[in-house]
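Participant: Encoded as structure tokens, here's the structure I'll be asking about.
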Amino acid sequence: MEWKRKVNWRILMVALCTILIFSTLSFRIYWLQTVKATDIMETAQVQWDRQQVLKPKRGAIYDRNGEILAYNGKAYTVNAKLKPRNDKDEDFVKDPYYTANMLAPILNAPVPELVKNLTKPNKVVELGRYGLKISEEQRNRILNLQYPTLPSGEKLKKNQLPGIYLTETTRRVYPNNAFASHVIGYLDLYDEPKMGIELQLNEELAGKQGHISYQRDRAGYQLPDGEGEYIPAIDGVDVYLTIDRQIQDYVEQALDKVEQQYKPQGMTVIVTDPQTGEVLAMGNRSQFNPNMYYNGIENYNNHAVTTMFEPGSTFKIITLAAAIEEKMFNQNETYQSGAYTIKGQIPIRDHNNGAGWGTISFLEGVQRSSNVLFVKLGYERLKLEGLKKYFKKFGMGQPTGIELPYEKAGNLNNLEKPRSPRDWAATTYGQAATVTAIQQVAAVGAIANGGELLKPHIVKEMRDPHTGAVVNRSQREVVERVVSEATAKQTRDILGKVVSERPGTGTLYQIEGYQVAGKTGTAQKYNPNTGKIMDGRYVGSFIGFAPKDNPKLLVYVVIDDPQTDAWYAMWGQMMLAPMFTTIMERSLQYLQQQPDLSVGKNKQSGKETSKKATQAVQASSPATPKTLPKFEGMSTTAAQMRAKQDNLTVTVAGTGTKIVKQYPQAYDQVLSGEQIILVTDRVQGTKMPDFKGKSLRDVMEFSSLINLEMKSTGTGFVTQQSIPPGTVLQGTELLQVTLQSVSEPSVPATPPPGQEGSTVPATTTPNNPGSNNTTTTNPTGRNNPAPPSSGQQTGQGGAAQPPASGQAPPPDKPGDQSTQPTQTTTTP
């Protein structure tokens, strides 16, 4: 019985234990499957699921011809491991001070800054901004420190700089450094866009992020039936600007020359095609190198669109056009120059201290840039409402909408809310109103193109980075017609006489072979703190286009307060004219605008004969453009026949039977007689064309198409080539071409201190047969009257001298007074 009791007790205990165990297990299972189910599932999900962000590639930026201006390049980030993973791990920074001293010269970093990072308690650290996005060359120098090469040529296998490792990343590269930096903008150290196209089109350039998600097992392999999602990244588009790299280069060179010599506070140059509104070049000084963003960018403003200033007499173009449009301007009508008095107001004086030139015609008043004439036209005839109407029609007081950030609208407060009649009267000649350079360019472009105000564009198109397909293309966009074609033509003719005939104030801006029309301007600077005029501080400018009757280019040059002791009336000769003529002439030659040699600079009277004028108009008269067909894919014979039908000059590169490349591109606009290049599928046997008289662009395109090495010297058109025409090319030759310009103005030296208002030594020659006018011939070869000095008499006996402090507004532009004759004698 005792034994049986023990057995029963044991069975009971086993049963109880079993019940307890199963109860516990059941409860645990219940707990896991209900109460903790969500948490466990989340933990499992973390272990199973893997997600990865797919970064898109940022689009590149190109000029209009496909020259790359910005792209994403390879870079590296420097990291330091400060603590070992285990006792056997030796790859960590053991001596922070030694490591810092070795890396400092490579990373251009201060040693204390690196030591600070290398002594942190973290396991792994980055070396601050100095270790972010280093170049390939810096990476190689670090690797050479870690694994130096022995004298025998063998590399050490043991790491001599432990704990330092590099991870690959990308950085924005600007291959041309400071070239057009304000237009392009830049990305900072953390890939944030700053200014320019990089900021304005950041969304388009950046693309869209994608991601990939999948489930994996413990070993890291993707589960075959696991859930997953893949959304690819969409790379950013490539942006093609309207900027032409070659024309931009002419602008940069001209800016550099003046900056080195005169160190102005600022400069801006804009070159546009007035027929389309496309900006072909835009340059500013001071500038910066966007590749050096980590040093900090101080000269941040793109003055072409963000800086507002009083334009001076270049603004008179709008007043003139408005008066012509309203039938209020008769060029033969006369008026009394000198001063204009509004009752109860300070008199408005002409720029020669109010002396004037006696009774002169309206045409001569424009040529001499008379303030009094434009007050009569604007204040007396157009009146306040008329001025407001036309200034706004020409785009003043509102942004142009160009594809650049931070554009300012200008200021017409003295027209909107004038405090006195004199305030709004002063706007007629470019004072008491502020504009931006791009507004001024758009307004004058309307005169150049026949009366249509166009929206300026600096973005030509956007393309898919993989297929090259055009995603978006800027079109010629007419804001409104501001004046009639007849008014625009009459205005162009008058502006042409400002440059081509005396007593025009713009004769310094003539270019041999091209008819130039334009206007000069000078504005006094105001103290931003007190609002008072600063003595001796000016902004000088010139805006002009050519050829006059069918303008291809418009160039605007602005110089802010150069460091010179020379009288500001000399700035035209010293700075503005050399800059404008150099940029305009080289650009016209580059664009294959053949010069008309019958159009020369003024040698005697400053007037061309009627025969020459007729020839010049014929030379610059519009020609009907044609759309170039797509020759690619055609047989060589068929392509030649088709080109002959369109009256095109063809150069065939190669001896193949099929056309594979062409220049210009298909669907571009060309003129009859223009040369095109067709490349066949067999380049061997190509004969050297005769490039004499052709532009550098023709030579470069031909050399690029057949991969021929080419070098050039000079500027302008080809006069010599090293490989004779007709030579069969082997593909290994070097083509050297010599180019010569029709004329190339230079920057004359600054007159010595103490000779303000005087010209450089010169000889005196008759200005016009039958008159006693005297002119001086300056070193640039231009005929230039000496500026009037104290005591000299102008046309009607009025004194003309540099204005004293606190006197009337300055000359309308650098060069205004320098182009006035010292004496005038009227002969029967």
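Laboratory data are not the source of any read-out in this text; all were calculated from the coordinates shown. Everything numeric here is computed off the predicted structure, so don't read it as measured data. All Cβ positions, glycine included, derive from the backbone under ideal geometry; neighbour counts span all protein chains shown.
Participant: Evaluate E = 1/(1 + (r/R0)^6) for N529 and T341, where r is the Cβ-Cβ distance and R0 equals 41 Å; express this FRET efficiency to the nearest 0.05.
Facilitator: Once rounded, the FRET efficiency stands at 0.85.
Participant: Kindly flag which residue pairs out of K460/K552; K81/K157; K194/K460; K123/K157 have an alpha-carbon separation exceeding 29 Å in this structure.
Facilitator: Values: K460/K552 17 Å; K81/K157 19 Å; K194/K460 21 Å; K123/K157 25 Å.
Those over the limit do not exist; all pairs fall within it.
Participant: Give me the tail of P(r) for the range 338-494 as a percent: Cα-Cα pairs with distance above 20 Å.
Facilitator: Value for the range 338-494 (Cα pairs over 20 Å): 60 percent.
Participant: Provide, for q = 0.18, 0.20, 0.21, 0.26 Å⁻¹, the log10 of I(q)/I(0) from a solvent-free Debye sum over equal Cα point scatterers in the range 398-480.
Facilitator: With one equal scatterer per Cα and no solvent, log10 I(q)/I(0) is -0.88, -0.99, -1.03, -1.20.
Participant: Would you please name the chymotrypsin sites (Phe, Trp or Tyr not before Pro) within the range 357-457 that are DSSP coil residues with at most 15 other C-beta atoms within 10 Å of their C-beta? Could you put the intermediate results ahead of the total?
Facilitator: Values: sites: W357, F362, F374, Y379, Y390, F391, F394, Y406, W424, Y429; in loops: W357, F394, Y406.
Sparse-neighbourhood loop chymotrypsin sites (Phe, Trp or Tyr not before Pro): Y406.
Participant: Could you pull out the trypsin sites (Lys or Arg not before Pro) across the range 368-447 that fall in loop regions by DSSP (anything but H, G, I, E, B) with no more than 12 other Cβ atoms inside 10 Å?
Facilitator: Qualifying residues, ordered by number: R419.
Participant: Could you give the size of the charge dipole of the range 403-454 about its Cα centre, using +1 on the Cβ of each K and R and -1 on the Cβ of each D and E, expressed in debye and rounded to the nearest 20?
Facilitator: The dipole of the range 403-454 has a size of about 300 debye.
Participant: Assuming 0.36 nm per residue, please report the length gained on full extension of the stretch Y30 to S712 beyond their Cα-Cα distance.
Facilitator: Separation in residues times 0.36 nm, less the Cα-Cα distance, equals 236.8 nm.
Participant: Sort S313, S213, S181 so that the residue with the fewest other Cβ atoms within 10 Å of its own Cβ comes first and the one with the most comes last.
Facilitator: Exposure proxy ranking, most exposed first: S213, S181, S313.
Participant: Excluding Y340 itself, calculate the net charge of residues whose Cβ lies under 12 Å from the Cβ of Y340, where each Lys or Arg counts +1 and each Asp or Glu counts -1. Could the numbers behind the result be given before it?
Facilitator: On the way: positive: K343, R349, K376, R422; negative: D350, E380.
Within the 12 Å Cβ shell, the charges total +2.
Participant: Among N79, G66, P105, whose Cα lies farthest out toward the positive end of the dipole of the range 1-130, if unit charges sit on the beta carbon of Lys, Arg (+1) and Asp, Glu (-1)?
Facilitator: Of the listed residues, the answer is N79.
Participant: Just going by the charge dipole of the range 96-237, with Lys and Arg at +1 and Asp and Glu at -1 on Cβ, which of N159, A178, I134 is farthest out on the positive end?
Facilitator: Going by the charge dipole, the pick is N159.
Participant: A further question follows. What are the chymotrypsin sites (Phe, Trp or Tyr not before Pro) within the range 135-243 that DSSP puts in a loop, where the Cβ has at most 15 other Cβ atoms within 10 Å? Let's see the in-between values first.
Facilitator: Details: sites: Y165, F179, Y186, Y190, Y214, Y221, Y230, Y240; in loops: F179, Y190, Y221.
Passing both the DSSP loop test and the Cβ count: Y190, Y221.
Participant: If every alpha-carbon in the range 626-740 counts as one equal scatterer, what log10 I(q)/I(0) does Debye give at q = 0.10, 0.13, 0.14, 0.17 1/Å?
Facilitator: -0.28, -0.48, -0.55, -0.81
Participant: Could you pull out every one of the lysines with an alpha carbon less than 22 Å from that of K257, ignoring same-chain neighbours closer than 8 positions?
Facilitator: Of all the lysines, those that pass the test against K257 - Cα under 22 Å, at least 8 places apart if same chain - are K813.
Participant: Follow-up question, since we're still on this one. Please compute one quarter of the surface area of the Cα convex hull for the range 485-567 and express it in square nanometres. Working shown, then result.
Facilitator: Working: hull surface 29.8 nm².
Reported value for the Cα convex hull: 7.5 nm².
Participant: Using the Cα gyration tensor of the range 131-216, with a ≥ b ≥ c the square roots of its eigenvalues, what is the shape: rounded (a/c below 1.5), prolate (a/b larger than b/c) or oblate (neither)? Intermediate values should be presented prior to the final figure.
Facilitator: Details: a/c = 3.85, a/b = 1.64, b/c = 2.35.
Judged from the Cα gyration tensor, the range 131-216 comes out oblate (a/c at least 1.5, b/c at or above a/b).
Participant: Here is a further query. Order these by the 10 Å Cβ neighbour count, fewest first: K83, K158, K133.
Facilitator: Least to most surrounded, the residues fall as K158, K83, K133.
Participant: When N is the residue count of the range 264-374, what does its C-alpha Rg come to as a fraction of 2.2 N^0.38 Å? All intermediate terms of the calculation are to be shown ahead of the outcome.
Facilitator: Values: Rg = 20.2 Å, N = 111, 2.2 N^0.38 = 13.2 Å.
Scaled against compact globular proteins, the figure is 1.54.
Participant: Which aspartates and glutamates have a Cα lying under 20 Å from the Cα of K392, excluding residues fewer than 8 positions away in the same chain?
Facilitator: E310, E325, E326, E380, E407, E416, D423, E452, E477, E480, E485
Participant: Also: Is there a pair in K393/K489; K116/K155; K94/K158 whose C-alpha atoms are over 26 Å apart, and which pairs would that be?
Facilitator: In this structure, K116/K155 lie more than 26 Å apart at Cα.
Participant: Additional query: Where the only charges are on Cβ atoms (+1 Lys, Arg; -1 Asp, Glu), what is the dipole of the range 2-51 about its Cα centre, to the nearest 20 debye?
Facilitator: Charge dipole, the range 2-51, about its Cα centre: 480 debye, nearest 20.
Participant: Right, another one. Place +1 on the Cβ of every Lys and Arg and -1 on the Cβ of every Asp and Glu in the range 2-51, take the dipole about the Cα centre, and give the residue among Q33, I11, S23 whose Cα lies farthest towards its positive end.
Facilitator: The listed residue farthest towards the positive side: I11.
Participant: Now for a different question. What is the packing order of peptides 584-592, 505-513, taking the mean over residues of other C-beta atoms within 10 Å and listing the highest first?
Facilitator: Packing order, densest peptide first, comes out as 505-513, 584-592.
Participant: Any chance you could tell me what percent of the C-alpha pair distances in the range 2-51 go past 12 Å?
Facilitator: Above the 12 Å cut-off, the range 2-51 has 72 percent of its Cα pairs.
Participant: Same structure again: Could you please report the charge total around A75, scoring K, R as +1 and D, E as -1 over all other residues with beta-carbon less than 12 angstrom from its beta-carbon?
Facilitator: +1
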